[in-house]
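Colleague: Got a structure here, written out as structure tokens. Questions coming.
Every number in this text was worked out from the coordinates using simple rules, so none of it is lab data. In this text, all values refer to a predicted model and were calculated from it rather than measured experimentally. Backbone-built Cβ (ideal geometry, glycine too); neighbour counts: all protein chains shown.
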């Protein structure tokens with residue numbers, strides 16, 4: 001990209017944040033609500049799918065209020081586990097769906113009005129997968145073809161549409177983008193849209209593609225960098241949020257730091273939106289960058305964070321759609337191509353970084369993993385910008401992508417205060433600071449729900465674990481209201497005794513849909529293969545106590 005365009009993008013992002021009053025502190029919001037909601041989460045029930053661990057045995061969870069069942073995507077065994085939660089303190093497996101006849105790996109599940117939809121990946125991940133439908137008696141109804149590597153699957157609020165994000169990742173058997181072992185296979189990313197208007201037996205299936213953008217001028221913050229890839233091949237749809245009126249889908253393109261806006265009825269991508277970058281040198285936007293300094297050091301650095309969100313959820317505020325995104329930061333790492341590198345290994349521009357030698361020290365930025373994409377806009381061989389992948393935060397945006405709130409360094413500040421000995425540990429060991437050079441707590445999943453008239457956002461932290469809870473009723477002024485972590489940090493790390501590891505999928509269950517009449521949150525933990533049910537305890541407003 002041109003250096004002038006790149007710098008202008010940075011200035012636009014910074015100015016937008018300043019105008020909206022964001023990032024003057026780690027907690028982001030100025031003028032918070034007068035009556036913050038006083039709630040807490042309590043773990044009341046747990047189901048575990050025994051090892052082997054760290055193989056996606058509980059990836060995504062969804063809830064059917066008609067039967068009081070949870071459906072859990074078990075990628076390890078290619079099954080959908082069916083859990084009875086009539087008594088949520090004792091979730092019990094009552095059945096399972098074998099997905100082997102339909103593909104190799106189940107990646108996503110969704111249910112609405114008793115209709116279960118499952119996204120299943122082909123054994124050859126670059127070949128088309130399937131969306132498979134079952135009734136509440138677990139009887140097969142239909143299967144329709146979708147794109148390569150189907151991941152997220154969701155119903156529209158009105159139940160007419162089922163949408164599937166097809167990541168279209170390249171194969172890893174040949175060198176990605178190279179010719180030494182034959183040309184790589186890199187399918188196009190896409191969104192499959194299944195119209196159920198005439199029933200699940202005779203649906204209409206359309207595909208929203210990105211081919212119209214192959215020769216288009218794009219926002220410079222959209223990362224198109226796959227070797228020999230077209231724009232359509234390079235874009236990788238991740239998560240989908242659907243507007244309240246079921247007309248528009250908002251799709252995160254994680255590796256590309258972008259969002260696609262899709263007109264559902266016509267199956268057309270109407271817009272690609274670059275998500276910009278976050279200035280980590282500003283107050284409230286710090287990060288801990290080293291795993292070698294034997295300290296918690298959340299501070300400001302001359303680094304730009306690339307948001308790269310995973311899951312997205314949509315809410316309404318004063319008649320407008322707002323999008324809540326968990327900024328995970330997945331990077332590309334293939335046998336023939338890896339985009340991440342330690343700062344210590346990179347040549348830094350002496351004008352942009354007058355203290356380059358100091359920055360590259362192990363205790364400073366030397367250990368930080370940054371992307372090698374876009375950091376040298378003038379092409380002179382040294383880096384003018386350092387891009388850390390992942391925002392280590394959640395962001396609220398307007399429907400056209402403008403930032404109205406970002407949680408800054410709050411996730412790291414909170415986890416450092418509560419779990420200083422396990423700060424930024426991984427989800428397979430208790431070593432402190434292990435993830436500081438790479439995405440920190442790594443927020444991944446997000447779901448929204450309404451409790452006593454307030455809109456709450458629940459954000460799962462993939463690495464250290466746990467769920468952050470925010471009151472986002474006013475998207476311009478969110479409030480942190482709780483953080484709960486059911487991981488066991490005591491003693492030597494052991495999968496069998498470590499508790500919940502790697503929260504991936506979250507499902508809010510409203511009081512009206514709950515078997516107990518109290519709101520619940522179900523969390524699927526990918527690494528531990530467990531599903532935990534939390535009761536959301538609403539006490540009162542603080543101003544009323």
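Colleague: Please indicate, with yes or no, whether at least one residue in the range 487-510 is in contact with a helix residue (DSSP H, G or I) (Cβ under 7 Å, 6 or more places away or on another chain) and part of a strand (DSSP E or B).
Modeller: no
Colleague: While we're here: Just checking, does the range 404-419 include any residue being under 30 Å from residue 476 (Cα atoms) and surrounded by fewer than 17 Cβ atoms within 10 Å (Cβ to Cβ)?
Modeller: In the first step, residues of the range 404-419 are kept if they are under 30 Å from residue 476 (Cα atoms); the result is 404-419.
Now restrict to residues that are surrounded by fewer than 17 Cβ atoms within 10 Å (Cβ to Cβ): 417-418.
Looking for residues that are under 30 Å from residue 476 (Cα atoms) and surrounded by fewer than 17 Cβ atoms within 10 Å (Cβ to Cβ), one finds at least one in the range 404-419, hence yes.
Colleague: From the residues in the range 329-343 that are in a loop (DSSP other than H, G, I, E, B) and in contact with a helix residue (DSSP H, G or I) (Cβ under 7 Å, 6 or more places away or on another chain), which one is surrounded by the most Cβ atoms within 10 Å (Cβ to Cβ)?
Modeller: 332
Colleague: Separate question: Can you tell me which residue within the range 81-102, out of those that are under 13 Å from residue 134 (Cβ atoms) and in contact (Cβ under 8 Å) with a residue 12 or more places away in the chain, is farthest from the chain's Cα centre (by Cα)?
Modeller: 95
Colleague: Let me ask something else about it. Could you check, for the range 440-452, whether at least one of its residues is farther than 16 Å from residue 521 by Cα, touching a residue at least 12 places away in the same chain (Cβ under 8 Å), surrounded by fewer than 22 Cβ atoms within 10 Å (Cβ to Cβ) and touching a strand residue (DSSP E or B) at 6+ places or on another chain (Cβ under 6 Å)?
Modeller: Within the range 440-452, not a single residue is farther than 16 Å from residue 521 by Cα, touching a residue at least 12 places away in the same chain (Cβ under 8 Å), surrounded by fewer than 22 Cβ atoms within 10 Å (Cβ to Cβ) and touching a strand residue (DSSP E or B) at 6+ places or on another chain (Cβ under 6 Å).
Colleague: Does residue 346 fit the bill of being without any contact (Cβ under 8 Å) to a residue 60 or more places away in the chain, surrounded by 15 or more Cβ atoms within 10 Å (Cβ to Cβ), farther than 28 Å from residue 469 by Cα and touching a helix residue (DSSP H, G or I) at 6+ places or on another chain (Cβ under 6 Å)?
Modeller: No: the conditions fail for residue 346.
Colleague: Can you pull out the residues in the range 371-391 that are assigned to a loop (DSSP other than H, G, I, E, B) and within 14 Å of residue 437 (Cβ to Cβ)?
Modeller: Scanning the range 371-391 gives 386, 390.
Colleague: Would you check if residue 423 is in contact with a helix residue (DSSP H, G or I) (Cβ under 7 Å, 6 or more places away or on another chain), more than 17 Å from residue 254 (Cα to Cα) and either part of a loop (DSSP other than H, G, I, E, B) or free of Cβ contacts under 8 Å to residues at least 40 places away in the same chain (or both)? Let's see the steps before the verdict.
Modeller: Values: in contact with a helix residue (DSSP H, G or I) (Cβ under 7 Å, 6 or more places away or on another chain): yes; more than 17 Å from residue 254 (Cα to Cα): yes; either part of a loop (DSSP other than H, G, I, E, B) or free of Cβ contacts under 8 Å to residues at least 40 places away in the same chain (or both): yes.
Yes; evaluated as a whole, the condition is true for this residue.
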